[in-house]
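First up is the structure itself, then whatever we jot down about it.
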């Protein structure tokens, strides 16, 4: 709309149909910008994943190299101590020429285990912002100028002369329009990860083997002793006989040996002496006394012959 040569904006703010089209154009531009930037963040995600895989591969390769170096380093290690114990005393002799040391060349890897690390988790988050705006500004001004002049000429013959008068005016309108469009995109990537030791197992510890006399225990039947001959007479004692057999390392009977019997809470009595007979056997009677009625109970018993120990339990 024009008034007095000046362009005036529309009543609704100068937008109109053109303003709607411009807004649509800006929205289209922003969407296109988002489409062009999104693949960049995809490349970032791919780069991080590839980097984690490469780092894990390098960690595993380092552990393998360390394990190989440790495996190639050999040392002499005593894996077994075979101590032969005297059949008569059940004790090793000092010095004992029958003691055998079994040595092997083992790698250090049996004793030093390298720590294996792994990525427990890797979390990646991304934030992307794309925006744009359109701005249009305008200005106008009017210029008005007027020029006037007057002149005269002629001969004065009597009272006669000629004169002239002139008037000029100029009106101009100047309009200027400035339009700016701007788009931008920004984003950030956050990475959260944890590198921790991986659960591994160690090599088994070598077992120690002893070669010497053997002890075997056989429990006989239990006998109740009552106060009187009546069937319901009060119980005063319960006893059991145990047979202890001692053999040599080669399996032969070990006669003439005196094992030590430990039975807390029970009375121990050796039958026919406390030494083993020609068959390597000795019989002991274990007795429990009752001051009042009581149920069966389990009692630990230990048989020792020097360094050889045999443990068992009896119910009385």
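Here, each number is a calculation from the coordinates, and none is a lab measurement. None of these values were measured; they are calculated from a predicted model. Counting neighbours? That spans all protein chains shown, and the Cβs are built from the backbone with ideal geometry, glycine included.
Observations on the structure shown:
- Using R0 = 45 Å, the C-beta based FRET efficiency linking residue 57 and residue 100 works out to 0.40.
- Neighbour-count order for 284, 290, fewest beta carbons within 10 angstrom listed first: 290, 284
- Of all DSSP beta bridges in the range 214-315, antiparallel share, percent nearest 5: 100
- Residues 108, 240, ranked from the fewest to the most other C-beta atoms within 10 Å, line up as 108, 240.
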